[in-house]
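Following: one structure in structure tokens, then a few remarks.
The values are calculated or read from the model by the stated rules, or taken from the named source; none is laboratory data. Remember, predicted model here, so these are calculated numbers, not experimental data. So basically every Cβ, Gly included, is an ideal-geometry build from the backbone, and we count neighbours across all protein chains shown. We work out accessible area using only protein heavy atoms, side chains counted, and drop any ligands, DNA or RNA first. Shrake-Rupley method; radii C 1.70, N 1.55, O 1.52, S 1.80 Å.
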Amino acid sequence: MAARVRALETILTRKGLIDSAAIDVIVDTYETKVGPRNGARVVARAWSDAEFADWLKRDATAAIASLGYTGRQGEHMQAVFNTDETHNLVVCTLCSCYPWSVLGLPPVWYKAPPYRSRAVIDPRGVLAEFGLKLADGKKIRVWDSTAELRYLVVPQRPSGTEGWSEERLADLVTRDSMIGTGVAREAL
Amino acid sequence: MSRPELPAGIDEPVFSEPWQAEAFAMVVALHERGVFSWAEWAERLSAEVKRPEAAADGSDYYERWVAALERLLAEKGLAGHDEVDAVAAAWERAAHATPHGRPILLENDPLA
């Protein structure tokens, strides 16, 4: 596979469609700069600042961009907020659309057929496999990402975190809690 | 006192092999150059990951990714299958002909 990728790179470089320096920059960005830390900062801001939370609800693309995280595929973002009544879960049944700018690249299970097919049919069962037991009456809403629209779950703020700094709050926000296969960590 | 564990996924390597990173970055770069739309890309990738021979655990995701890229480039007339085969074979020969520890260059292909 390495030789085929090199061959593609060679052909495209010869045609002037890509250059190796630009490729290196993209790799570096996704390996070291974007990741779930970005999303955690968005969530922590929303927990701390009601005005920001409101903006995030109305226009997630702009609110997230205000923190410096913008998508490169021209996709729109929608933030879905967990409440006492509803838990949100994100999937891409089509392939692996994912909010790269705030979560980095998706974990292996997100891209795998079992999750892609079962998240819609049996979300409660899938969540149980992730060790997440929801209260019986709680509704689960499943959001199917597309190339144009990606979702970020805003988990519920853990209790006992009143007065915490955004930085400290962000440490409680796991990647899975922003996909919906988990919840935020408990305050210790 | 135990150290709090790191948030899930923060430390997981993004790519398990360098070619995966290169293949990923090529798609991002070509899209940014306007060679294809992201919707076009998502459609091709979706078709590849839905093939019956795709690994059930998603472990061949980047192999599917490369297959989707090759298909799209062939459709656009930018890189035909035979051309990719030929250049890939040249890279393989160059790799074998290059002494260990030296950078592999296409010029090292004995048939070049």
Seminar exercise, completed: For A:Val42, the lone unmet condition from (1) in a helix (DSSP H, G or I); (2) of a type outside the set (Gly, Ala, Ser); (3) in the same structural domain as A:Leu132 (by TED's automatic domain parsing); (4) open to solvent by 20 Å² or more (accessible area, probe 1.4 Å) is (4)
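So which of A:Ala79, A:Ala112, A:Ala63 ends up being within 19 Å of the chain's Cα centre (by Cα), aliphatic (A, V, I, L, M) and at the interface with chain B (Cβ under 7 Å from one of its Cβ atoms)? Give the steps one after another, and end with the answer.
Numbers: A:Ala79 fails: at the interface with chain B (Cβ under 7 Å from one of its Cβ atoms); A:Ala63 fails: at the interface with chain B (Cβ under 7 Å from one of its Cβ atoms).
Of A:Ala79, A:Ala112, A:Ala63, the one residue that is within 19 Å of the chain's Cα centre (by Cα), aliphatic (A, V, I, L, M) and at the interface with chain B (Cβ under 7 Å from one of its Cβ atoms) is A:Ala112.
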Exercise. Does region B:81-104 include one or more residues that are facing chain A (nearest Cβ under 8 Å), surrounded by 14 or more Cβ atoms within 10 Å (Cβ to Cβ) and on the phi > 0 side of the Ramachandran plot?
Worked result: no
Exercise. In region B:3-15, is there at least one residue being more than 7 Å from chain A (Cβ to nearest Cβ), modelled with pLDDT of 90 or more and in contact with a helix residue (DSSP H, G or I) (Cβ under 9 Å, 6 or more places away or on another chain)?
Worked result: no
Exercise. Conditions: (1) within 30 Å of B:Gly80 (Cα to Cα); (2) more than 14 Å from chain B (Cβ to nearest Cβ). A:Arg45 meets all but one. Number of the miss?
Worked result: (1)
Exercise. Being at pLDDT 95 or above, surrounded by 21 or more Cβ atoms within 10 Å (Cβ to Cβ), within 7 Å of another protein chain (Cβ to nearest Cβ) and part of a helix (DSSP H, G or I), is that true of even one residue in region B:37-56?
Worked result: no
Problem set entry | Matching residues, region A:53-93, being outside any strand (DSSP E or B), under 30 Å from B:Lys50 (Cβ atoms), of a type in the set (Gly, Ala, Ser) and open to solvent by less than 50 Å² (accessible area, probe 1.4 Å) | A:Ala60, A:Gly71
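Mind listing whichever residues of region A:66-76 are away from chain B (no Cβ under 14 Å) and not hydroxyl-bearing (Ser, Thr, Tyr)? Even if it seems obvious, please write down each step before you answer.
Start the filter on region A:66-76 by keeping residues that are away from chain B (no Cβ under 14 Å), which leaves A:66-69.
Selection gives A:Leu67, A:Gly68.
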Problem set entry | Meets criteria (among the basic types (Lys, Arg), surrounded by fewer than 17 Cβ atoms within 10 Å (Cβ to Cβ) and within 19 Å of A:Met1 (Cα to Cα)) for B:Arg71 | yes
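Residue-wise test of (1) at pLDDT below 95; (2) acidic (Asp, Glu); (3) in contact with a strand residue (DSSP E or B) (Cβ under 7 Å, 6 or more places away or on another chain); (4) surrounded by fewer than 22 Cβ atoms within 10 Å (Cβ to Cβ).
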position: A:Glu129; (1), (2), (3), (4): yes, yes, no, yes
position: A:Leu132; (1), (2), (3), (4): yes, no, no, yes
position: A:Ser145; (1), (2), (3), (4): yes, no, yes, no
position: A:Leu149; (1), (2), (3), (4): yes, no, yes, yes
position: A:Gln156; (1), (2), (3), (4): no, no, no, yes
position: A:Gly160; (1), (2), (3), (4): no, no, no, yes
For this session: Output the number of the condition that A:Gly35 fails; it satisfies all remaining conditions of (1) of a type outside the set (Val, Ile, Thr); (2) surrounded by fewer than 20 Cβ atoms within 10 Å (Cβ to Cβ); (3) within 13 Å of chain B (Cβ to nearest Cβ); (4) within 30 Å of A:Gly163 (Cβ to Cβ).
Result: (2)
Seminar exercise, completed: When region A:82-105 is checked residue by residue, the ones that are within 13 Å of the chain's Cα centre (by Cα) and either of a type in the set (A, V, I, L, M, F, W, C) or at the interface with another protein chain (Cβ under 9 Å from one of its Cβ atoms) (or both) are A:Leu89, A:Val90, A:Val91, A:Cys92, A:Ser96, A:Cys97, A:Trp100, A:Val102, A:Leu103, A:Gly104, A:Leu105
For this session: Hey, could you check region A:14-32 for residues that are loosely packed, with under 15 Cβ neighbours inside 10 Å and under 21 Å from the mean Cα position of the chain (by Cα) and say which is farthest from A:Met178 (Cα to Cα)?
Result: A:Asp28
Exercise. Does region A:5-16 contain any residue that is outside any strand (DSSP E or B), within 30 Å of B:Glu22 (Cα to Cα), free of Cβ contacts under 8 Å to residues at least 12 places away in the same chain and among the small types (Gly, Ala, Ser)?
Worked result: yes
